[in-house]
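The values are calculated or read from the model by the stated rules, or taken from the named source; none is laboratory data. Here the structure is a predicted model, which means the values were calculated and not measured. Cβ placement follows ideal geometry from the backbone for every residue including glycine, while neighbour counts extend to all protein chains displayed. For the accessible areas, the whole protein counts, side chains as well, though only heavy atoms, and no ligand, DNA or RNA atoms are used. Shrake-Rupley method; radii C 1.70, N 1.55, O 1.52, S 1.80 Å.
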Amino acid sequence: MNEQVKKFLIVLIKLAVIVGIFAFLIERAAREDAFAEFVKRDKNWWFLLIGFFFSLVAVVMTLIRWRWLVDALGVGLSLNEALRIGFIGLLFNLSPMGIVGGDVVKTCILGRKYPGTMMKSAASVIVDRVIGLYVMFLIAMTMVFATGFYHKTQYEARFAVTAVVALTLAATICILVLMSPDSSRGMRHRIIRGLPLVGELLDRLTAALQLYRDQKAVLFRSCLITFFVHASFSVSLYFIARGLFDYSPSCMEHFVLYPVANTGSIIPLSAGPLEYFLDMLYPLFEIPGHEAYRAGFGMMAGIVFRLAGILVTGLGMIYYLGSRSEISAALKTMDSHEEEQASIAQEQQPTQKHQESDCE
């Protein structure tokens, strides 16, 4: 199948899933009259503004973390450049069609700016993403036990706790194995590469993690700032909920709500999972003196939270307007790199078949 056709079909599947999720949430909220109640409520705009501010703080911290990871590999990237390239990447992540991911754009711009560093650029982006996800899993697992959330008997709560614990343990084992020295004379690489579906992804992840195996101080700092990143997002969601509704789970309970709900974001969709899990989790929290959240409330809190993120990411448009030629050149570099990889793969196929026939 043509590569462009394959990408187009993947985009269509993503859009179909997103539309399906929101259709389900909207239909359920309409049955509960949640929209009418939401519209009638007075909004606390100060709380909403504070929520936006904490989202901005969280995003800036993620770009500082990425700069640390880039700098650890000997690529001298200034803070201003890290913010510029980072916000441009975030802007591309907003693309609902998912044609070009922000991580790819960041890698290509950085690789063009510092020739000969494309592999290091890709490694910094991959490890940055891994740290963000892994620390989120750690926070989620810690908070579900620290707050007693694991005591809840509802199916949704038990499913969330099981998923978070399983993902955290699996991620811990995977990272430890992939970062350990390979004493198998290349056998581990061949085994990982040969795994169906995830082999190529894990192989790239292994190569990226190996570059940071001796950078323990940088990894520790990056994990530490990531705790504050997710804490800021949790506080942002709390103030957004307070700004939208007369009542809300506590700020501490949002340290469960955000990382557990955001675990759904490991699914590569540009929208949907966060809103779905928030709508599922909010009704599990008791609010003394108030009626519990009904279907639709979590969805609306999630949509406004996502809107705050979009407004923050919109700052990338300022950088984009001043860097269009650079971005265009980076995308051409990406296309040529993909063509080169494809031609290498085609050249290797006959060689591999010849080796297999020799072995027979």
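General remarks:
- For segment 63-76, filtered to residues that are buried (at least 22 other Cβ atoms within 10 Å of the Cβ) and of a type in the set (A, V, I, L, M, F, W, C), the residue that is nearest to the chain's Cα centre (by Cα) is W66.
- Residue within segment 109-117 that is under 27 Å from L307 (Cβ atoms) and under 19 Å from the mean Cα position of the chain (by Cα) present: no
- Within segment 39-82, the set of residues being assigned to a loop (DSSP other than H, G, I, E, B) and charged (D, E, K, R) comprises R41, D42, K43.
- Flag for T206 being within 27 Å of L274 (Cα to Cα), free of Cβ contacts under 8 Å to residues at least 40 places away in the same chain and either assigned to a helix (DSSP H, G or I) or open to solvent by 60 Å² or more (accessible area, probe 1.4 Å) (or both): no
- V60 vs. criteria of a type in the set (V, I, T), under 27 Å from L224 (Cα atoms) and either at pLDDT below 85 or open to solvent by 40 Å² or more (accessible area, probe 1.4 Å) (or both): yes
- Among residues of segment 70-82 that are in contact (Cβ under 8 Å) with a residue 24 or more places away in the chain and under 21 Å from L211 (Cα atoms), those with a beta-carbon under 6 Å from a residue that is open to solvent by 50 Å² or more (accessible area, probe 1.4 Å) and not in a helix (DSSP H, G or I) at least six positions away or on a different chain give the pairs A72/Q215; V75/Y114.
- Residues in segment 209-236 that are closer than 21 Å to V177 by Cβ, exposed (fewer than 15 other Cβ atoms within 10 Å of the Cβ) and in contact (Cβ under 8 Å) with a residue 24 or more places away in the chain: 1 in all.
- Within segment 114-170, the set of residues being touching a residue at least 40 places away in the same chain (Cβ under 8 Å), hydroxyl-bearing (S, T, Y), part of a helix (DSSP H, G or I) and closer than 27 Å to D279 by Cβ comprises Y134 only.
- Matching residues in segment 171-193 - criterion: being outside any loop (DSSP other than H, G, I, E, B), open to solvent by 60 Å² or more (accessible area, probe 1.4 Å) and closer than 23 Å to Y134 by Cα: I173, L176, V177, H189, R193
- Test result for M118, at pLDDT below 80 and open to solvent by 10 Å² or more (accessible area, probe 1.4 Å): no
- Of the set (1) at positive phi; (2) at pLDDT below 85; (3) not aliphatic (A, V, I, L, M), all apply to K113 but (1).
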